[in-house]
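> First the structure, which I've put down as structure tokens, then a few questions once you've had a look.
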Amino acid sequence: MNERPLRIVIAKAGLDGHDRGAKVIARALRDAGMEVIYTGLFQTPEQIVQTAVQEDADGIGLSILSGAHMTLFPLVVEQLQAQGAGDIVFFGGGTIPPDDAQRLRDLGVRAIFTPGAPLQDIVDFVRSECGKRRALVG
Amino acid sequence: MARAISWSESGRGGDLIRALYAKTGRAMTLGLTGPPGVGKSTLASGLVRKARSLGKRVGVVSVDPSSPFSHGALLGDRIRLAEHFTDECVFIRSMASRGHLGGLAGATADAVLLMDAFGFDVVLIETVGVGQSEVAIAELAHTVLVALQPGSGDSIQVLKAGIMEIADVFVVNKADHPMADQLRREIRSTMEMLQWDGWVPELVVTQALAGTGIDELWSAVERHVAYLNETGEMEMRRRDAFTHQVRQLALGRLEQRLNRAIRDGARDGVDPYEAAERILASLPKF
């Protein structure tokens, strides 16, 4: 009771079957005391956002290793707006070149973690940013 | 509703439940339990598909365990329900058990009430993957489905107490498993040995992944609901659900008080019995 753990949706989108990274992140967030909702593979942006809304998630972490990040990340941002869920912290990771990462951040993706990012950095980011969202909505 | 369930999860759902309570009592509540990996989520997905084909709005509450160490949780039941994510008439909520035993979470009963009040016709409650004795679901759901895994023990397992006693419908899932027919026969023969009073549990064989047997399972559920309504047992089940929630709420508050008392109480040089007596004596009377 009282101290409700942060809830984070970890998602894989599109034609991308490589979920080892997503599972590692899910596990790390779990061990940091958060409740992680894993969507499974091959989700559409609409499915991911609908999941986050129904689960009252504080954040969405999207993993993309297929090269389709410039298509899928913006679609999730769009869906979040369309669903009135812009308060949900959207971050991601994968094999994403620095220029693309910058453009995605400009679009509203709060952070992009690329291979080699320390797990602790990701956990710290989620705890701090999603914690702010939680403080806001209660 | 997503937010309302969160309120309940953080212990602040009281006012809303009070306001909405009069609107509850219409939904059919289905409990789905069984050991980990038996196919509960896949069965749930099949049942949601069936209920949707009948035009019903469906809520799903799916409970997975919390870590006793970090209090975190990995909630993975949604994976099997992906086909329903964008259906507006299906609302799925994953819940971590947060230390609650019995196979449910503290706020499960609230979530069921909320879905009921928000007009969902069917509320499906999927428990934590259970062992032999997590039977809390029997108090909360009107109809309890116990899913069993072929190849996981002999007839003595079937005879044991616990979850085997709470089934309104037995589901032998993974019908394509070589041991499936043996399990079906063992349940059948065990049931023949027992005396039944009123409802005799049905036995349905499914292969949830392929969607086989789901129609039969749904029919069994409908027969059970009809039985409850005809015999007036539905009222009893509703009362049980009410009692369950009252007990949960009262116990939760009591536990907080107890924990405080235990933390504050001196316990040096005292045996555990004496310490417990003192703490109980120190609690305000109620």
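> For the Cα atoms of chain B, what angle does the longest principal axis make with the long axis of helix B:233-264, in degrees from 0 to 90, nearest 10?
The two axes meet at around 30 degrees.
> While we're on this one: Magnitude of the Cβ-charge dipole of chain B, K/R +1 and D/E -1, about the Cα centre, nearest 20 debye?
880 debye
> Could you list, in their original order, any pairs among A:Lys12/B:Lys40; A:Lys12/B:Lys56; A:Lys132/B:Lys56; B:Lys50/B:Lys174; A:Lys23/B:Lys40; B:Lys23/B:Lys50 whose Cα atoms are separated by more than 27 Å?
As for pairs spanning more than 27 Å Cα to Cα, those are A:Lys12/B:Lys56; A:Lys132/B:Lys56.
> Run the quick spin-label model on B:Trp196 and B:Glu88: label points 7 Å from Cα toward the beta carbon, then report their separation in nm to one decimal.
Reported label-point gap for B:Trp196 and B:Glu88 is 4.2 nm.
> In the stretch A:7-133, if the dipole is taken from +1 on Lys/Arg beta carbons and -1 on Asp/Glu beta carbons about the Cα centre, which of A:Leu15, A:Thr39, A:Pro115 is farthest to the positive end?
Most positive-ward Cα: A:Pro115.
> Report the relative contact order of the stretch A:7-133, percent, no decimals, based on alpha-carbon pairs under 8 angstrom and at least 6 residues apart.
26 percent
> Moving on to the next point. Is the shape of the protein assembly as shown best called rounded, prolate or oblate, per the rule: a/c under 1.5 gives rounded, else a/b larger than b/c gives prolate, else oblate, with a ≥ b ≥ c the square roots of the Cα gyration tensor eigenvalues?
oblate
> Label chain B by shape, choosing from rounded, prolate and oblate, from the square roots a ≥ b ≥ c of the eigenvalues of the Cα gyration tensor; if a/c is under 1.5 it is rounded, and otherwise prolate applies when a/b is larger than b/c, oblate when it is not.
prolate
> OK, next. Calculated from DSSP H runs of 4 or more alone, at -39500 (n - 2.57) each and per residue, what is the 222 nm mean residue ellipticity of the protein assembly as shown, nearest 500?
One gets -14000 deg cm²/dmol as the mean residue ellipticity at 222 nm.
> Could I ask something else about it? How are the Cα pair distances of chain A distributed, in percent, across 10 Å bins from 0?
12, 49, 35, 4, 0
> Please give the contour-minus-distance gain from B:Ala250 to B:Val270: 0.36 nm per residue of separation, less the Cα-Cα distance, rounded to one decimal in nm.
Stretched fully, the B:Ala250-B:Val270 segment lengthens by 4.3 nm.
> Follow-up question, since we're still on this one. Taking the alpha-carbon centroid of each part, what is the distance from the stretch B:17-75 to the stretch A:55-129 in angstrom?
29 Å
> To continue, here is another question. 5 Å is the cut-off here: which amide hydrogens, built 1.01 Å from N in the peptide plane, fall below it relative to B:Arg98, excluding neighbours closer than 5 in sequence?
B:Ser66
> How much of the pair distance distribution for the stretch B:148-242 lies past 24 Å, counting alpha-carbon pairs only, in percent?
Of all Cα-Cα distances in the stretch B:148-242, 27 percent exceed 24 Å.
> I would also like to ask the following. Read phi for every residue in the stretch A:116-129 and hand back ³J(HN,Hα) as whole Hz from Karplus 6.51 cos²θ - 1.76 cosθ + 1.60, θ = phi - 60°, with x for Gly and Pro.
x, 5, x, 4, 4, 4, 5, 4, 4, 4, 4, 4, 6, 6
> Right, here's the next one. Check which residues have an amide H placed less than 5 Å from B:Leu75's amide H, if you skip close sequence neighbours.
Excluding prolines and chain starts, which carry no amide H, the hits are A:Val36, A:Ile37, A:Tyr38.
> For chain B, the longest stretch holding no trypsin sites (Lys or Arg not before Pro) located in a DSSP loop with at most 16 other Cβ atoms within 10 Å is which?
For trypsin sites (Lys or Arg not before Pro) (loop position, at most 16 other Cβ atoms within 10 Å), the longest site-free span of chain B is B:161-266.
> List the residues whose amide H sits under 5 Å from the amide H of B:Ala147, counting only those 5 or more places along or on another chain, with H placed 1.01 Å from N in the peptide plane.
B:Thr33, B:Gly34, B:Val171
> For the stretch B:101-125 and the stretch B:168-204, what is the separation of their C-alpha centers, rounded to whole Å?
About 27 Å separates the Cα centre of the stretch B:101-125 from the one of the stretch B:168-204.
Throughout, read-outs are computed from the coordinates displayed, never taken from laboratory work. This is a predicted model, so every value here is computed, not measured. Please note: Cβ atoms are built from the backbone with ideal geometry, for glycine as well, and neighbour counts cover all protein chains shown.
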